[in-house]
Amino acid sequence: MKFLTRRLAFYVVTAWAAVTINFLIPRMMPGDPVTALMGRMQGRIDSSAENSIRVLFGLDQDTNVWQQYVEYWRLLFQGDLGLSFTFFPTPVADIVRQSLPWTVGLVGIATIIAFVLGTGLGMAIGWRRGTWADALLPITTFFSAVPYFWLGLIAITVFSVTLGWFPSSGSYDRGLIPGWSWEFVGSVIYYGFLPALTVVLASVAGWILGMRNMMVTVSSEDYVTVAHAKGLPGRKVMFGYAARNAILPQISSFALSLGFIVGGTLIMEMVFSYQGIGYTLYQAVSTQDYPLMQGCFLVITLSVLAANIVADFVYAALDPRTRQEA
Amino acid sequence: MTTDTTLVEQIPDLETSGRPKRARQKNLLFLRNSKAITGLAILGFFAVLAIVGPWIAPYDPNQISPDLVQPPSGSHWLGTDHLGRDVLSQLVVGTRSVLVVGFVAGVAATFIGVVVGVTAGFVGGVGDETLSALANVFLVIPQLPLIIIIAGQLPTAGGLTVALVIAATGWAWGARVLRAQTLSLRRRDFIEAARANGERTWRIVLAEILPNLTAIIAAGFVGTVTFAVLSQITLSFIGILPLDTWNWGTVLFWAQNNLALQRGAWWWFVPAGLCIAGLGMALTLINFGIDEFVNPRLRSTGMHARSLRRRKIRPRVGFTPVVHEAQEDRA
Amino acid sequence: MSTSAIPRTAPREGGARTGAPVLEIRNLSVDYGYGSDPTHVLRQASLTLHRGEVLGLAGESGCGKSTLAYGATRLLPPPGLVTGGQVWFTDRDGTRSDILALDDAALRASRWRDMAIVFQGAMNSLNPVFRIGRQIADGILAHSPGMSRADATERAAAMLEMVGISPDRRRDFPHQLSGGMRQRVMIAMALSLDPQVLIMDEPTTALDVVMQRQIVEQIAELRERLGFAVIFITHDVSLLIEIADRIAIMYAGEVVEEAAAQDVYRRPRHPYTDALLHSFPPLRGPRRELGGIPGSPPDLARLPTGCPFRARCAFAFDACAHVVPELAETGVPGDAPFRRVACLRHDTRSVVEAGFDPQPLPEELARR
């Protein structure tokens, strides 16, 4: 359990760091875009909302930084992320709450599919070297080199503009009422298919290459040779000895590259105008809606942290060395 | 790439002999790697383009003409955009900004990574714990959203500013790898010997440790450049960066915002993406070359698959192929 | 647990054969690299292992002793390639099979049941993510169709007990064991199917001296009890002289001398063996002069013509640069009948056939 305790401590530190960065960024920026915006909003913001924006963006000149910091944490614990300028006067927390499930659904599911698929393919390619499967490597290299959003553009051109198979934007048929009806769920899947496919295509390559290299490396470990020497069936050597060990670093790198992947897939939401947190961030950036920007970043970071914790638990379950009592 | 069967070849003792005296031999080995050469060649092409781009571009990329959204033709090889500007010129001129930002960010991030990583690995103890935790924090925080909110709040986010923001957020991976390697180097005999001889710490780091980290530093640099290029293009694409400097992302921004997809104007966004893919491939290939050079297990044997099949060799772990080709004439 | 049906005699002095051959390696050649210019790491090496004997395989690192063992079992990783030879295994009922000619399924079935291996470096030989009991049981189950996992685990526990590890520890993971214990686990694992041949590749190199001694004594004791034959690979010739019945000395991918352990020690016939014996202090017996072997082993990718040892040999003469010495009887009358050595000082006939003047045997290579 020592491993997990250490990791949890690390995540607490990281969460603290993320919040602190969020606190510091607007205060370190030259100029004062928020004051200018507040000026424009004059008279439309009620005094308590104005106060929380002041706290969040450090506009209170009469308090010192430490007091601002304490006040900032207090607001966060109350779930107060300020008011959005763009969707005035909706609180940022509400907007984020509405868009987060869409992102978790789309990016989460697509990333897990990509991870499982890529790890499986990489396992096969790494185990059976010198076969046709090696031809997949140059293709995966190409896919790992292009930006995610460009693949999204190509996917829209081919599948929605040219072929007309899938809608090019949105997340469900606007004519339907959201709810747990078959019609609505079907529409969500239909609208989500193309973005999900693009996310999978864009990120699967990295997993294939990573797992392939790990399989190649692990295949020449002594314990794999011992497994062969024992006359174990080929499948058992591959899954129980080679892949079982190769997947450990793959999971670590899943945790570490999650931030990178999520960053890329958020842009995908922008391309597809998919109503998740990435698209919200995009709207916030293009309308200079600073409270919303900050809120999105915080929520994205905390979600990535949560996914990291899950990955760590999986890792601890798979690697007995982490369970060692100190 | 198609004939390269990426088989495993283990060259004994290559990875263990990290002594500086073999550096020259190893460098030559790196240049024999076909993947690395291909990557360097493509990169060289873009580098030349970045230098001479503004002179060889057929038009001024900002020059408006009446030929709106025209497909490729003799006068506009890659067609025109919604204002009649030449897309090819935009790409050629935009290369410089892409490479400069990538290079500056790469250098800056590598510098931070080397300082943090080597220090952490070399000093150990509390210093190591702190620096590693710092690096891990930066690894876990999603970089692109972080860059977006920083760049989004900067009043003027020019190319150089963006490069530095990317460097400030993207150094952690290199630092992590370098720390691990420094840690293992520190326990090697020749470092221990240098310490026992009373050599000064900075001399050990400069003369003994850094030369042995060259390959890893290079890999980290190439990786950061890739990341920086993609980040900059993404930022331009979503319109955070000012549009007065051309880069490939700017071209895509205009395409996306003027319904290039819906109009079927493929020449507007496909070539830009292929440029990104080309540069990305080049950098990835260079990194593969470095990877194979550092980890000989990944190295391909350079044998053609066809020739192996003809000799009925199927290279596998656990079942060494048998061919009766050698003499068997001894009693 | 049935022990070998063939009665075993173990006369050490004089080094006569112990039993019938159980493993015969004939002209085994191994290349490294599939390309047009491979390294010939093993060139027509031959070796015979008899039932119940301990055959030591010695030589400097890189001489091909491990390659010989892994090549013969087809466990060499890519780009290893067996380019020629046969490896005949004789079962208890007398059926002979060439391991190099077996298909995958037959080879898998033969492995561990006929021939088991204890690898160099027990640290990496155990799968870090499985309990050791399970790893032993895995091998048993793979060869015992119909056996229940519970029975296999029970057998694994019994094997652990046999090597002196408490059966409770079968639920331990490898990282919870010390180096010596891991090596014992490997031995227990290797003996779990009562194999007829046990190949041990530097089994004690990574261990401290006390542990080395314990392991070696344990192997000797288990062999007495179970009657398997051992190929013991090490660079530690003094260790071999104590535990081996016969010793084969390898140099640059070839066997250069093969004789009874005491003969190798007291009456070396090959200049390399002689030099090797002078490069370490003897454990017991009269003191001898110590001296290293000048030079280093040749680069296998660029072997010189003639005898590969000649550049470092004190007794090389003109023929050595042109004639490749073959493993043949010694030139010393009265030597044990099955002694073999590959040296032109002994092989006058080849020297004369090639048109050179034979040189007399120096006293160092003709001791009695």
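Quick rundown of the values:
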read-out	value
A:PRO147 vs. criteria without any contact (Cβ under 8 Å) to a residue 60 or more places away in the chain and in contact with a Phe, Trp or Tyr (Cβ under 9 Å, 6 or more places away or on another chain)	no
Selection count, the range B:108-159, where residues are within 13 Å of chain A (Cβ to nearest Cβ), surrounded by 16 or more Cβ atoms within 10 Å (Cβ to Cβ) and polar (S, T, N, Q)	4
Subset of the range C:324-343 [among the aliphatic types (A, V, I, L, M) and either under 14 Å from C:ALA252 (Cα atoms) or modelled with pLDDT under 90 (or both)]	C:VAL324, C:LEU327, C:ALA328, C:VAL332, C:ALA336, C:ALA342
Meets criteria (buried (at least 21 other Cβ atoms within 10 Å of the Cβ) and under 22 Å from C:GLN262 (Cα atoms)) for C:ALA366	no
Which numbered condition A:TRP182 misses (of (1) surrounded by fewer than 20 Cβ atoms within 10 Å (Cβ to Cβ); (2) in contact with a Ser or Thr (Cβ under 8 Å, 6 or more places away or on another chain); (3) without any contact (Cβ under 8 Å) to a residue 60 or more places away in the chain; (4) more than 14 Å from chain B (Cβ to nearest Cβ))	(2)
Matching entry among A:MET211, A:MET215 (being crowded, with 21+ Cβ neighbours inside 10 Å, touching a residue at least 40 places away in the same chain (Cβ under 8 Å), in a helix (DSSP H, G or I) and out of contact with any Ser or Thr (no Cβ under 8 Å at 6 or more places or on another chain))	A:MET215
Residue tally, condition out of contact with any Gly (no Cβ under 9 Å at 6 or more places or on another chain), more than 9 Å from chain B (Cβ to nearest Cβ), among the hydrophobic types (A, V, I, L, M, F, W, C) and outside any loop (DSSP other than H, G, I, E, B), over the range C:68-104	4
Long-range neighbours under 7 Å by Cβ, at least six apart or interchain, first residue without any contact (Cβ under 8 Å) to a residue 60 or more places away in the chain within the range B:175-188, second of a type in the set (A, V, I, L, M)	B:ARG176/B:ALA135; B:ARG176/B:LEU139
Filter result (basic (Lys, Arg) and either within 16 Å of C:LEU191 (Cα to Cα) or crowded, with 16+ Cβ neighbours inside 10 Å (or both)) within the range C:143-172	C:ARG155, C:ARG169, C:ARG170
Residue among A:SER144, A:SER168, A:SER160 that alone is on the phi < 0 side of the Ramachandran plot and not in a helix (DSSP H, G or I)	A:SER168
Of residues in the range C:331-350 being outside any loop (DSSP other than H, G, I, E, B) and either in contact with a Leu (Cβ under 8 Å, 6 or more places away or on another chain) or assigned by TED's automatic domain parsing to the domain that holds C:TYR251 (or both), the one nearest to C:ALA311 (Cα to Cα)	C:VAL341
Some residue of the range C:228-247 being in the same structural domain as C:ILE25 (by TED's automatic domain parsing), under 19 Å from C:GLU161 (Cα atoms) and part of a helix (DSSP H, G or I)	no
Residue in the range B:90-102 that is part of a helix (DSSP H, G or I), out of contact with any Ser or Thr (no Cβ under 9 Å at 6 or more places or on another chain) and free of Cβ contacts under 8 Å to residues at least 40 places away in the same chain present	no
Candidates A:THR103, A:THR119, filtered to the one that is closer than 19 Å to A:TYR148 by Cα and assigned to a helix (DSSP H, G or I)	A:THR103
Residue satisfying all of: in the range B:237-251; more than 13 Å from every other protein chain (Cβ to nearest Cβ) and touching a residue at least 60 places away in the same chain (Cβ under 8 Å); surrounded by the fewest Cβ atoms within 10 Å (Cβ to Cβ) among these	B:PRO242
Top-ranked residue of the range C:44-55 - restricted to ones that are of a type outside the set (Val, Ile, Thr), surrounded by fewer than 24 Cβ atoms within 10 Å (Cβ to Cβ) and part of a strand (DSSP E or B), ranked as farthest from the other protein chains (Cβ to nearest Cβ)	C:HIS50
1 or more residues under 30 Å from A:GLY263 (Cβ atoms) and either among the charged types (D, E, K, R) or within 25 Å of the chain's Cα centre (by Cα) (or both): qualifying helices (runs of 4 or more DSSP H) within the range B:155-215	B:159-170, B:172-186
Selection from the range C:302-330 of residues that are under 26 Å from the mean Cα position of the chain (by Cα), crowded, with 19+ Cβ neighbours inside 10 Å and not in a loop (DSSP other than H, G, I, E, B)	C:ARG310
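The values are calculated or read from the model by the stated rules, or taken from the named source; none is laboratory data. All values derive from a computational prediction rather than experimental measurement. Note that each Cβ is placed from the backbone with ideal geometry, even for glycine, and that neighbours are counted across all protein chains shown.
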